[in-house]
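Note sheet for the following structure.
The values are calculated or read from the model by the stated rules, or taken from the named source; none is laboratory data. Small disclaimer: the values here were computed from a predicted structure and weren't measured. Note that each Cβ is placed from the backbone with ideal geometry, even for glycine, and that neighbours are counted across all protein chains shown. Note: areas computed on protein heavy atoms with side chains; ligands, DNA, RNA excluded. Shrake-Rupley method; radii C 1.70, N 1.55, O 1.52, S 1.80 Å.
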Amino acid sequence: MKAASKSIYCFYYSLIYSFVLCQNEVDKLALQAIKNQLVSDPFGVTSSWNESLHFCMWHGVSCKRQRVTQLNLSSSSLVGYVPSSIANLSFLQVLDLSNNSFQGQVPEKIGHLFRLRVITLANNSLRGQIPTTLSNCSNLRTLDLSYNNFMSRIPFQLGFLTKLEQLRIRNSNLEGIIPPHIGNISTLLEISLRINKLEGEIPESLGQLKSLTILSIGDNMLSGTIPKSIYNLSHLSLLSLCKNKFQGSFPHNIGLTLPNLQYFNVWENQFSGSIPSSFSNTSKLLIFDISNNKFFGGVPNIFRNQDKLRLLWLADNDLGTSGINDDLKFLTDLANCSSLEKLNLSNCNFGGVLPSSLVNLSGKLESLSMAGMLNKLTINPRSICI
């Protein structure tokens, strides 16, 4: 009886051992398929991918319990294609093929990798559609497909990635609208979709993303007004809306509802109205660029507490009153901006006296532009000795 029990135990142990070996072989074959799809490997990063080493010791491969959990071949100058068999790496959590020259399409079967937490395919030559099957990667935290050539819409199915924190698809020829479904991902910290061909308006639903810190959608063809709910995203540190066709004015309390702003880029749109004085509350500002819009009126004293401010561009607006002596009194407060490097006031309507406080501007100042407005000013000799 004991002999029979021992035989059964040995049988099951052998069966389990064979199963593990078989699964390991699947991972190995999947990696070999990736190597076989390479057209060029100038630095020989996959030269270690041979029988002399266990595949868990191959360059760029990390394993846990002899299953591949990470594949990182970033910045290796690789040229090739991503094979569908990559989906056989069923324990994969991190896939980083960024900064190479991978071509072709992202395989649909990548959606089988439900353990994936990070997909980084940025800076390649990928094309075609963004796979809708990515929505099956339910544990995904970071999706970065930037700097490719998809010429694709953003799949609304990405809105089903309920754990996603970073969504980055910059400069990838994206077309169509920003799917409202993106607003359902309450975990999102970053949306970066700049330099594409996106159209339509900002979905109201994005105002539901209470943890959002980065909203970067500049250099598209977006239009309309900014949903009021966006101005209630109190964790925003970067708001970039530049080079679109947005209209409207900013709420008077914007600096109170967005106190953590560091980057405020809205240049080259059709925004109008006055500059809200509540910006004085945004003491973390590094970049403030509202140039090439239709803002009017005086510049409020909002820079007294902006000691971190590095760039201030107010150019190409209707700011100022063309003759009132204190049009430029805000320059006095800029003396407190000890980090200021660039100041552009060109082509505005500022008039009156150029204040002598200009000499107190930051010693770090690299550029100062007042083109198109000097004929409206009375120059104080002390103000030009900077």
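Out of (1) more than 14 Å from SER216 (Cα to Cα); (2) hydroxyl-bearing (Ser, Thr, Tyr); (3) in contact with a Lys or Arg (Cβ under 7 Å, 6 or more places away or on another chain), what's the single condition that is false for SER240?
Looking at each condition in turn, SER240 falls short on (1).
Go through (1) closer than 29 Å to PHE156 by Cβ; (2) out of contact with any helix residue (DSSP H, G or I) (no Cβ under 6 Å at 6 or more places or on another chain); (3) among the hydrophobic types (A, V, I, L, M, F, W, C) for PHE296 and report which single condition fails.
That leaves (1) as the condition not met.
Considering only the stretch 146-161, how many residues are farther than 19 Å from GLY183 by Cβ and buried (at least 18 other Cβ atoms within 10 Å of the Cβ)?
5
For the stretch 186-202, what are the residues that are touching a Gly at 6+ places or on another chain (Cβ under 6 Å) and either at pLDDT below 95 or farther than 18 Å from LEU238 by Cβ (or both)?
Residue satisfying the conditions is GLU201 alone.
Out of all the residues in the stretch 360-367, is one or more surrounded by fewer than 16 Cβ atoms within 10 Å (Cβ to Cβ), closer than 20 Å to ASN292 by Cα and of a type outside the set (A, V, I, L, M, F, W, C)?
yes
Residues in the stretch 212-236 that are among the small types (Gly, Ala, Ser) and more than 12 Å from the chain's Cα centre (by Cα): how many?
Here the count works out to 4.
In the stretch 336-359, how many are open to solvent by less than 40 Å² (accessible area, probe 1.4 Å) and assigned to a loop (DSSP other than H, G, I, E, B)?
Initial filter on the stretch 336-359 (open to solvent by less than 40 Å² (accessible area, probe 1.4 Å)): 337, 339-340, 343-346, 348, 350-352, 354-358.
Now restrict to residues that are assigned to a loop (DSSP other than H, G, I, E, B): 337, 339-340, 345-346, 348, 350-351, 355.
Number of matching residues: 9.
Any idea which of LEU206, LEU164, LEU143, LEU215 is part of a helix (DSSP H, G or I) and crowded, with 20+ Cβ neighbours inside 10 Å?
Just one listed residue meets the conditions, LEU206.
Return yes or no: is GLY159 at positive phi, without any contact (Cβ under 8 Å) to a residue 60 or more places away in the chain and not aromatic (Phe, Trp, Tyr)?
Values: at positive phi: no; without any contact (Cβ under 8 Å) to a residue 60 or more places away in the chain: yes; not aromatic (Phe, Trp, Tyr): yes.
Against the criterion (at positive phi, without any contact (Cβ under 8 Å) to a residue 60 or more places away in the chain and not aromatic (Phe, Trp, Tyr)), GLY159 does not qualify.
Restricting attention to the stretch 39-53, does a residue exist that is small (Gly, Ala, Ser), part of a strand (DSSP E or B) and loosely packed, with under 15 Cβ neighbours inside 10 Å? Spell out how you get there, then give the answer.
Taking the stretch 39-53 first, the residues small (Gly, Ala, Ser) are 40, 44, 47-48, 52.
Restricting the remaining residues to those that are part of a strand (DSSP E or B) gives 40.
Of the ones still in play, those that are also loosely packed, with under 15 Cβ neighbours inside 10 Å are 40.
Yes, the stretch 39-53 contains a residue that is small (Gly, Ala, Ser), part of a strand (DSSP E or B) and loosely packed, with under 15 Cβ neighbours inside 10 Å.
GLN32: in a helix (DSSP H, G or I), under 27 Å from HIS112 (Cα atoms) and modelled with pLDDT of 95 or more, yes or no?
Values: in a helix (DSSP H, G or I): yes; under 27 Å from HIS112 (Cα atoms): yes; modelled with pLDDT of 95 or more: yes.
Yes, satisfied.
Can you name the residue in the stretch 178-197 that is more than 15 Å from the chain's Cα centre (by Cα) and outside any helix (DSSP H, G or I) and is also farthest from GLN166 (Cα to Cα) among such residues? Spell out how you get there, then give the answer.
Here is the first cut: in the stretch 178-197, the ones more than 15 Å from the chain's Cα centre (by Cα) are 179-181, 183-187, 197.
Right, trim to outside any helix (DSSP H, G or I) and you get 179, 185-187, 197.
Numbers: PRO179: 16, ILE185: 10, SER186: 12, THR187: 9, LYS197: 20 Å.
Only one residue tops the list, namely LYS197.
Could you say which residue among SER277, SER291 is among the small types (Gly, Ala, Ser) and out of contact with any His (no Cβ under 8 Å at 6 or more places or on another chain)?
Values: SER277 fails: out of contact with any His (no Cβ under 8 Å at 6 or more places or on another chain).
Being among the small types (Gly, Ala, Ser) and out of contact with any His (no Cβ under 8 Å at 6 or more places or on another chain) holds for just one of SER277, SER291, which is SER291.
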